[in-house]
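Okay, structure first, notes after.
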(Lines give C-alpha, C1' and ligand atoms only; values in the text may rest on other atoms or scores of the structure.)
Protein backbone atom coordinates (compact mmCIF):
# COMPACT_ATOMS: atom_id res chain seq x y z
CA UNK A 1 0.00 0.00 0.00
CA UNK A 2 1.43 3.35 -1.08
CA UNK A 3 0.39 6.24 1.16
CA UNK A 4 0.79 9.94 0.56
CA UNK A 5 -0.06 13.07 2.48
CA UNK A 6 -2.21 15.96 1.25
CA UNK A 7 -2.37 19.12 3.39
CA UNK A 8 -5.47 21.32 3.22
CA UNK A 9 -5.11 24.76 4.80
CA UNK A 10 -4.37 26.97 6.57
CA UNK A 11 -5.23 29.01 3.45
CA UNK A 12 -7.79 27.21 1.35
CA UNK A 13 -10.98 28.29 -0.46
CA UNK A 14 -13.04 25.69 1.40
CA UNK A 15 -11.88 26.85 4.86
CA UNK A 16 -12.99 30.31 5.89
CA UNK A 17 -10.62 30.39 8.87
CA UNK A 18 -6.98 29.43 9.28
CA UNK A 19 -6.80 25.71 10.05
CA UNK A 20 -4.79 22.81 8.66
CA UNK A 21 -5.79 19.23 7.92
CA UNK A 22 -3.10 16.75 6.90
CA UNK A 23 -4.80 13.82 5.18
CA UNK A 24 -3.00 10.49 4.84
CA UNK A 25 -4.41 8.88 1.69
CA UNK A 26 -4.39 5.53 -0.03
CA UNK A 27 -5.43 6.60 -3.50
CA UNK A 28 -8.59 8.62 -2.82
CA UNK A 29 -9.41 6.86 0.47
CA UNK A 30 -8.62 8.64 3.75
CA UNK A 31 -6.49 6.44 6.00
CA UNK A 32 -5.79 8.99 8.73
CA UNK A 33 -5.99 12.71 9.41
CA UNK A 34 -3.85 14.95 11.61
CA UNK A 35 -4.95 18.40 12.66
CA UNK A 36 -2.85 21.46 13.32
CA UNK A 37 -4.24 24.32 15.40
CA UNK A 38 -2.79 27.70 16.27
CA UNK A 39 -3.34 29.86 13.18
CA UNK A 40 -6.29 31.83 14.60
CA UNK A 41 -5.28 32.30 18.24
CA UNK A 42 -6.39 35.73 19.49
CA UNK A 43 -5.52 35.55 23.18
CA UNK A 44 -9.06 36.24 24.38
CA UNK A 45 -8.69 34.23 27.60
CA UNK A 46 -5.64 36.29 28.56
CA UNK A 47 -7.40 39.44 27.39
CA UNK A 48 -10.27 38.74 29.79
CA UNK A 49 -7.79 38.47 32.66
CA UNK A 50 -6.55 41.99 31.88
CA UNK A 51 -9.97 43.67 31.83
CA UNK A 52 -12.76 44.27 34.29
CA UNK A 53 -15.47 41.74 34.99
CA UNK A 54 -17.98 43.70 32.93
CA UNK A 55 -15.57 44.18 30.02
CA UNK A 56 -15.19 40.40 29.94
CA UNK A 57 -18.74 40.17 28.58
CA UNK A 58 -17.71 42.21 25.55
CA UNK A 59 -14.75 39.90 24.86
CA UNK A 60 -16.63 36.64 25.43
CA UNK A 61 -19.30 37.75 22.94
CA UNK A 62 -16.62 38.01 20.26
CA UNK A 63 -15.16 34.55 20.71
CA UNK A 64 -17.63 33.32 18.09
CA UNK A 65 -19.70 35.48 15.79
CA UNK A 66 -22.42 32.84 15.37
CA UNK A 67 -22.93 31.43 18.90
CA UNK A 68 -22.03 34.62 20.79
CA UNK A 69 -25.12 34.57 23.05
CA UNK A 70 -24.23 31.22 24.74
CA UNK A 71 -20.75 32.60 25.45
CA UNK A 72 -22.04 35.66 27.29
CA UNK A 73 -24.70 33.56 29.01
CA UNK A 74 -22.13 31.06 30.28
CA UNK A 75 -19.71 33.78 31.39
CA UNK A 76 -22.45 35.67 33.25
CA UNK A 77 -23.73 32.47 34.89
CA UNK A 78 -20.20 31.76 36.15
CA UNK A 79 -19.67 35.27 37.54
CA UNK A 80 -23.15 35.24 39.11
CA UNK A 81 -22.12 32.05 40.93
CA UNK A 82 -19.17 33.97 42.36
CA UNK A 83 -21.52 36.68 43.60
CA UNK A 84 -23.96 34.08 44.89
CA UNK A 85 -26.91 35.84 43.22
CA UNK A 86 -29.94 34.70 41.28
CA UNK A 87 -31.23 36.78 38.39
CA UNK A 88 -34.91 37.84 38.20
CA UNK A 89 -37.48 35.44 36.75
CA UNK A 90 -38.20 37.62 33.72
CA UNK A 91 -34.47 37.82 32.93
CA UNK A 92 -34.27 34.02 32.86
CA UNK A 93 -37.03 33.78 30.26
CA UNK A 94 -35.45 36.59 28.24
CA UNK A 95 -32.18 34.67 28.27
CA UNK A 96 -33.99 31.58 26.98
CA UNK A 97 -35.59 33.58 24.15
CA UNK A 98 -32.35 35.22 22.97
CA UNK A 99 -30.42 31.92 23.28
CA UNK A 100 -32.99 30.01 21.24
CA UNK A 101 -33.12 32.74 18.59
CA UNK A 102 -29.36 32.36 18.40
CA UNK A 103 -29.72 28.57 18.06
CA UNK A 104 -32.24 28.98 15.21
CA UNK A 105 -29.85 31.42 13.52
CA UNK A 106 -26.92 29.02 13.90
CA UNK A 107 -28.78 25.90 12.72
CA UNK A 108 -30.31 27.63 9.69
CA UNK A 109 -26.91 29.06 8.80
CA UNK A 110 -25.45 25.56 9.00
CA UNK A 111 -28.15 24.00 6.82
CA UNK A 112 -27.33 26.59 4.18
CA UNK A 113 -23.60 25.89 4.52
CA UNK A 114 -24.25 22.16 4.09
CA UNK A 115 -26.05 22.94 0.83
CA UNK A 116 -23.11 25.04 -0.32
CA UNK A 117 -20.59 22.30 0.56
CA UNK A 118 -22.65 19.81 -1.47
CA UNK A 119 -22.90 22.18 -4.44
CA UNK A 120 -26.60 22.84 -3.73
CA UNK A 121 -26.34 26.64 -3.89
CA UNK A 122 -30.08 27.19 -4.27
CA UNK A 123 -30.65 25.64 -0.83
CA UNK A 124 -27.88 27.85 0.56
CA UNK A 125 -29.48 31.05 -0.74
CA UNK A 126 -33.03 30.15 0.31
CA UNK A 127 -32.02 29.24 3.88
CA UNK A 128 -29.87 32.34 4.34
CA UNK A 129 -32.74 34.47 3.09
CA UNK A 130 -35.01 33.04 5.80
CA UNK A 131 -32.26 33.38 8.40
CA UNK A 132 -32.59 37.15 7.98
CA UNK A 133 -35.92 36.93 9.81
CA UNK A 134 -34.11 35.79 12.96
CA UNK A 135 -31.52 38.55 12.67
CA UNK A 136 -34.34 41.10 12.24
CA UNK A 137 -35.89 39.89 15.51
CA UNK A 138 -32.57 40.11 17.33
CA UNK A 139 -32.12 43.64 15.98
CA UNK A 140 -35.62 44.61 17.11
CA UNK A 141 -34.93 43.38 20.65
CA UNK A 142 -31.36 44.59 21.13
CA UNK A 143 -30.52 47.03 18.33
CA UNK A 144 -27.80 44.74 16.97
CA UNK A 145 -28.14 42.00 14.36
CA UNK A 146 -25.09 39.84 15.09
CA UNK A 147 -23.87 40.62 18.62
CA UNK A 148 -26.95 41.55 20.67
CA UNK A 149 -25.03 42.36 23.89
CA UNK A 150 -28.11 41.10 25.70
CA UNK A 151 -26.57 39.62 28.84
CA UNK A 152 -25.12 41.44 31.81
CA UNK A 153 -23.91 40.25 35.20
CA UNK A 154 -27.15 40.04 37.14
CA UNK A 155 -29.61 39.61 34.28
CA UNK A 156 -30.16 41.13 30.85
CA UNK A 157 -29.88 44.62 29.38
CA UNK A 158 -32.87 44.72 27.03
CA UNK A 159 -36.53 43.83 27.57
CA UNK A 160 -39.20 42.61 25.16
CA UNK A 161 -42.08 45.06 25.03
CA UNK A 162 -45.73 43.96 24.53
CA UNK A 163 -45.61 45.46 21.01
CA UNK A 164 -42.75 43.14 20.04
CA UNK A 165 -44.49 39.90 20.99
CA UNK A 166 -46.92 39.71 18.02
CA UNK A 167 -44.04 40.43 15.63
CA UNK A 168 -41.95 37.65 17.20
CA UNK A 169 -44.84 35.18 16.99
CA UNK A 170 -45.58 36.06 13.37
CA UNK A 171 -41.97 35.51 12.34
CA UNK A 172 -41.80 32.26 14.30
CA UNK A 173 -44.82 31.00 12.33
CA UNK A 174 -43.01 31.85 9.09
CA UNK A 175 -39.79 30.18 10.23
CA UNK A 176 -41.67 27.06 11.32
CA UNK A 177 -43.26 26.70 7.90
CA UNK A 178 -39.96 27.20 6.09
CA UNK A 179 -38.04 24.84 8.40
CA UNK A 180 -40.58 22.07 7.78
CA UNK A 181 -40.02 22.59 4.06
CA UNK A 182 -36.24 22.32 4.47
CA UNK A 183 -36.74 19.16 6.51
CA UNK A 184 -38.68 17.64 3.61
CA UNK A 185 -35.84 18.62 1.23
CA UNK A 186 -33.26 16.90 3.47
CA UNK A 187 -35.47 13.81 3.70
CA UNK A 188 -36.37 13.49 0.03
CA UNK A 189 -33.77 15.10 -2.23
CA UNK A 190 -31.78 12.25 -3.85
CA UNK A 191 -28.60 14.32 -4.28
CA UNK A 192 -28.46 15.28 -0.60
CA UNK A 193 -29.16 11.72 0.51
CA UNK A 194 -26.49 10.32 -1.82
CA UNK A 195 -23.88 12.66 -0.30
CA UNK A 196 -24.89 12.34 3.36
CA UNK A 197 -26.51 8.97 4.12
CA UNK A 198 -23.95 6.45 5.49
CA UNK A 199 -21.21 9.07 5.06
CA UNK A 200 -19.01 10.13 7.99
CA UNK A 201 -20.34 7.42 10.28
CA UNK A 202 -19.59 7.87 14.00
CA UNK A 203 -20.98 4.97 16.04
CA UNK A 204 -22.63 5.53 19.40
CA UNK A 205 -19.75 3.81 21.21
CA UNK A 206 -17.17 5.94 19.42
CA UNK A 207 -19.13 9.13 20.13
CA UNK A 208 -19.14 8.24 23.82
CA UNK A 209 -15.46 7.21 23.87
CA UNK A 210 -14.36 10.41 22.10
CA UNK A 211 -16.65 12.64 24.22
CA UNK A 212 -18.60 14.13 21.32
CA UNK A 213 -21.04 16.90 22.20
CA UNK A 214 -24.05 18.66 20.72
CA UNK A 215 -25.73 17.59 17.45
CA UNK A 216 -22.63 15.54 16.61
CA UNK A 217 -23.30 13.32 19.65
CA UNK A 218 -27.09 13.35 19.39
CA UNK A 219 -26.97 12.21 15.76
CA UNK A 220 -25.09 9.15 17.07
CA UNK A 221 -27.97 8.45 19.49
CA UNK A 222 -26.19 9.92 22.53
CA UNK A 223 -28.82 11.53 24.74
CA UNK A 224 -26.75 14.49 25.91
CA UNK A 225 -27.90 18.12 26.18
CA UNK A 226 -26.96 20.53 28.98
CA UNK A 227 -30.46 22.01 28.87
CA UNK A 228 -31.75 18.60 30.03
CA UNK A 229 -28.76 17.26 31.99
CA UNK A 230 -28.03 20.42 34.00
CA UNK A 231 -30.87 22.94 33.39
CA UNK A 232 -30.11 26.66 33.64
CA UNK A 233 -32.17 29.85 33.22
CA UNK A 234 -35.52 28.06 33.64
CA UNK A 235 -35.01 25.42 30.92
CA UNK A 236 -36.50 22.99 33.46
CA UNK A 237 -39.71 25.02 33.28
CA UNK A 238 -40.04 24.52 29.50
CA UNK A 239 -41.49 21.39 27.89
CA UNK A 240 -39.49 20.36 24.81
CA UNK A 241 -37.97 17.25 23.27
CA UNK A 242 -34.39 16.00 23.23
CA UNK A 243 -33.71 15.30 19.54
CA UNK A 244 -31.61 12.24 18.71
CA UNK A 245 -31.06 10.12 15.59
CA UNK A 246 -29.48 6.67 15.35
CA UNK A 247 -28.16 6.96 11.77
CA UNK A 248 -24.74 8.16 13.07
CA UNK A 249 -23.95 9.90 9.75
CA UNK A 250 -23.89 13.35 8.12
CA UNK A 251 -27.57 13.06 7.26
CA UNK A 252 -28.43 12.40 10.90
CA UNK A 253 -26.50 15.49 11.99
CA UNK A 254 -28.48 17.56 9.50
CA UNK A 255 -31.78 16.12 10.72
CA UNK A 256 -30.91 16.76 14.37
CA UNK A 257 -30.34 20.42 13.59
CA UNK A 258 -33.49 20.87 11.52
CA UNK A 259 -35.64 19.18 14.20
CA UNK A 260 -33.96 21.22 16.93
CA UNK A 261 -34.85 24.37 15.00
CA UNK A 262 -38.51 23.40 15.26
CA UNK A 263 -38.06 22.71 18.98
CA UNK A 264 -36.42 26.13 19.43
CA UNK A 265 -39.53 27.77 17.98
CA UNK A 266 -41.65 25.83 20.47
CA UNK A 267 -39.37 26.86 23.36
CA UNK A 268 -39.58 30.56 22.48
CA UNK A 269 -43.37 30.42 22.28
CA UNK A 270 -43.54 28.84 25.74
CA UNK A 271 -41.13 31.39 27.18
CA UNK A 272 -43.26 34.24 25.81
CA UNK A 273 -46.35 32.66 27.38
CA UNK A 274 -44.73 32.12 30.79
CA UNK A 275 -42.89 35.46 31.04
CA UNK A 276 -44.43 37.84 33.59
CA UNK A 277 -43.78 41.57 34.20
CA UNK A 278 -40.90 42.32 36.53
CA UNK A 279 -37.28 43.50 36.78
CA UNK A 280 -34.77 42.25 34.23
CA UNK A 281 -31.56 42.61 36.25
CA UNK A 282 -30.15 43.17 39.72
CA UNK A 283 -27.29 45.43 40.72
CA UNK A 284 -24.03 43.82 41.82
CA UNK A 285 -20.87 45.11 43.44
CA UNK A 286 -17.98 46.00 41.20
CA UNK A 287 -15.75 43.14 42.44
CA UNK A 288 -17.03 39.60 43.14
CA UNK A 289 -15.87 37.62 46.19
CA UNK A 290 -12.78 35.42 46.10
CA UNK A 291 -13.48 31.98 44.66
CA UNK A 292 -13.53 29.76 41.60
CA UNK A 293 -16.55 28.43 39.72
CA UNK A 294 -17.55 26.59 36.58
CA UNK A 295 -20.59 27.01 34.36
CA UNK A 296 -21.81 25.24 31.25
CA UNK A 297 -24.53 25.83 28.69
CA UNK A 298 -25.74 24.11 25.54
CA UNK A 299 -24.46 26.19 22.63
CA UNK A 300 -25.72 25.39 19.10
CA UNK A 301 -22.63 23.22 18.52
CA UNK A 302 -22.77 21.53 21.94
CA UNK A 303 -21.58 21.89 25.51
CA UNK A 304 -19.77 25.17 26.24
CA UNK A 305 -17.74 25.22 29.46
CA UNK A 306 -16.35 28.21 31.41
CA UNK A 307 -14.00 28.21 34.41
CA UNK A 308 -13.62 31.55 36.21
CA UNK A 309 -11.43 32.35 39.22
CA UNK A 310 -11.47 35.52 41.32
CA UNK A 311 -8.77 36.69 43.70
CA UNK A 312 -10.77 39.69 44.89
CA UNK A 313 -9.49 42.16 42.31
CA UNK A 314 -11.14 44.20 39.57
CA UNK A 315 -10.10 41.69 36.92
CA UNK A 316 -10.44 37.87 36.82
CA UNK A 317 -7.44 35.89 38.00
CA UNK A 318 -8.15 33.18 35.41
CA UNK A 319 -10.70 32.49 32.69
CA UNK A 320 -10.63 29.16 30.86
CA UNK A 321 -13.03 28.24 28.06
CA UNK A 322 -13.71 24.81 26.51
CA UNK A 323 -15.64 25.17 23.28
CA UNK A 324 -17.77 22.51 21.51
CA UNK A 325 -15.58 22.37 18.40
CA UNK A 326 -12.53 21.47 20.48
CA UNK A 327 -14.52 18.61 22.03
CA UNK A 328 -15.67 17.35 18.62
CA UNK A 329 -12.33 17.37 16.78
CA UNK A 330 -11.34 13.83 17.91
CA UNK A 331 -14.71 12.58 16.61
CA UNK A 332 -14.13 14.40 13.33
CA UNK A 333 -10.82 12.59 12.82
CA UNK A 334 -12.57 9.27 13.43
CA UNK A 335 -15.53 9.91 11.10
CA UNK A 336 -13.23 10.89 8.19
CA UNK A 337 -11.37 7.56 8.11
CA UNK A 338 -12.32 5.20 5.32
CA UNK A 339 -14.15 7.78 3.19
CA UNK A 340 -13.17 9.54 -0.03
CA UNK A 341 -11.62 12.92 -0.74
CA UNK A 342 -14.96 14.03 -2.21
CA UNK A 343 -16.65 13.35 1.17
CA UNK A 344 -14.35 15.69 3.10
CA UNK A 345 -16.45 18.90 2.76
CA UNK A 346 -19.67 17.30 3.99
CA UNK A 347 -18.03 15.39 6.85
CA UNK A 348 -16.01 18.36 8.12
CA UNK A 349 -19.04 20.63 7.86
CA UNK A 350 -21.18 18.12 9.76
CA UNK A 351 -19.64 19.07 13.12
CA UNK A 352 -20.20 22.78 12.30
CA UNK A 353 -16.58 23.67 13.14
CA UNK A 354 -15.61 27.08 14.48
CA UNK A 355 -11.83 27.39 14.49
CA UNK A 356 -11.58 30.89 15.95
CA UNK A 357 -13.26 29.85 19.19
CA UNK A 358 -11.21 26.64 19.33
CA UNK A 359 -7.70 28.01 19.02
CA UNK A 360 -5.33 27.92 21.98
CA UNK A 361 -1.55 28.35 21.98
CA UNK A 362 0.99 25.96 23.44
CA UNK A 363 4.74 26.03 22.74
CA UNK A 364 6.28 22.76 21.55
CA UNK A 365 9.96 21.85 21.20
CA UNK A 366 9.94 18.65 19.08
CA UNK A 367 13.67 18.12 19.62
CA UNK A 368 13.40 18.06 23.42
CA UNK A 369 9.86 16.71 23.58
CA UNK A 370 8.77 19.60 25.82
CA UNK A 371 5.50 21.56 25.94
CA UNK A 372 4.84 24.75 27.88
CA UNK A 373 2.77 27.92 28.05
CA UNK A 374 3.81 31.49 28.81
CA UNK A 375 2.45 34.01 31.24
CA UNK A 376 1.53 37.45 29.96
CA UNK A 377 4.75 38.97 31.38
CA UNK A 378 6.90 36.29 29.73
CA UNK A 379 5.25 36.87 26.36
CA UNK A 380 5.62 40.65 26.71
CA UNK A 381 9.31 40.42 27.68
CA UNK A 382 10.05 38.05 24.77
CA UNK A 383 8.32 40.41 22.33
CA UNK A 384 10.29 43.39 23.60
CA UNK A 385 13.61 41.55 23.57
CA UNK A 386 13.45 40.04 20.10
CA UNK A 387 11.01 42.22 18.20
CA UNK A 388 11.05 45.56 20.00
CA UNK A 389 7.31 45.35 20.42
CA UNK A 390 5.64 46.72 23.55
CA UNK A 391 2.64 44.49 24.22
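Points worth noting:
- Region 194-212, subset over 15 Å from residue 248 (Cβ atoms) and in contact (Cβ under 8 Å) with a residue 24 or more places away in the chain, residue surrounded by the fewest Cβ atoms within 10 Å (Cβ to Cβ): 211
- The set of residues in region 213-235 that are crowded, with 22+ Cβ neighbours inside 10 Å, without any contact (Cβ under 8 Å) to a residue 60 or more places away in the chain and not in a loop (DSSP other than H, G, I, E, B) contains only 218.
- Odd one out for residue 81, checked against (1) out of contact with any helix residue (DSSP H, G or I) (no Cβ under 9 Å at 6 or more places or on another chain); (2) more than 30 Å from residue 273 (Cα to Cα): (2)
- Selection status of residue 138, surrounded by 15 or more Cβ atoms within 10 Å (Cβ to Cβ), assigned by TED's automatic domain parsing to the domain that holds residue 91, touching a residue at least 60 places away in the same chain (Cβ under 8 Å) and touching a helix residue (DSSP H, G or I) at 6+ places or on another chain (Cβ under 9 Å): no
- Residue 155 vs. criteria over 20 Å from residue 70 (Cα atoms) and assigned by TED's automatic domain parsing to the domain that holds residue 67: no
- Qualifying positions in region 1-15 - within 23 Å of the chain's Cα centre (by Cα), surrounded by fewer than 17 Cβ atoms within 10 Å (Cβ to Cβ) and farther than 13 Å from residue 348 by Cβ: 11, 13
- Inspection of region 16-31 finds no residue satisfying the criterion of being closer than 30 Å to residue 262 by Cβ, within 16 Å of the chain's Cα centre (by Cα), touching a residue at least 60 places away in the same chain (Cβ under 8 Å) and part of a helix (DSSP H, G or I).
- Take the conditions (1) in contact with a strand residue (DSSP E or B) (Cβ under 6 Å, 6 or more places away or on another chain); (2) modelled with pLDDT under 95; residue 65 misses just one of them, which is (1).
- Checked against the criterion of being crowded, with 21+ Cβ neighbours inside 10 Å and closer than 26 Å to residue 185 by Cβ, region 236-248 contains one or more residues that satisfy it.
- Residue in region 85-100 that is in contact with a strand residue (DSSP E or B) (Cβ under 9 Å, 6 or more places away or on another chain) and surrounded by fewer than 19 Cβ atoms within 10 Å (Cβ to Cβ) present: yes
- Unmet requirement for residue 326, which otherwise passes all of (1) modelled with pLDDT under 95; (2) in contact with a strand residue (DSSP E or B) (Cβ under 9 Å, 6 or more places away or on another chain); (3) buried (at least 17 other Cβ atoms within 10 Å of the Cβ): (2)
- Filter result for residue 158 (under 21 Å from residue 101 (Cβ atoms) and touching a residue at least 12 places away in the same chain (Cβ under 8 Å)): yes
The values are calculated or read from the model by the stated rules, or taken from the named source; none is laboratory data. All figures in this text were calculated on a predicted structure; none of them were measured in a lab. In this analysis, Cβ positions are derived from the backbone assuming ideal geometry, glycine residues included, and neighbour counts consider all displayed protein chains.
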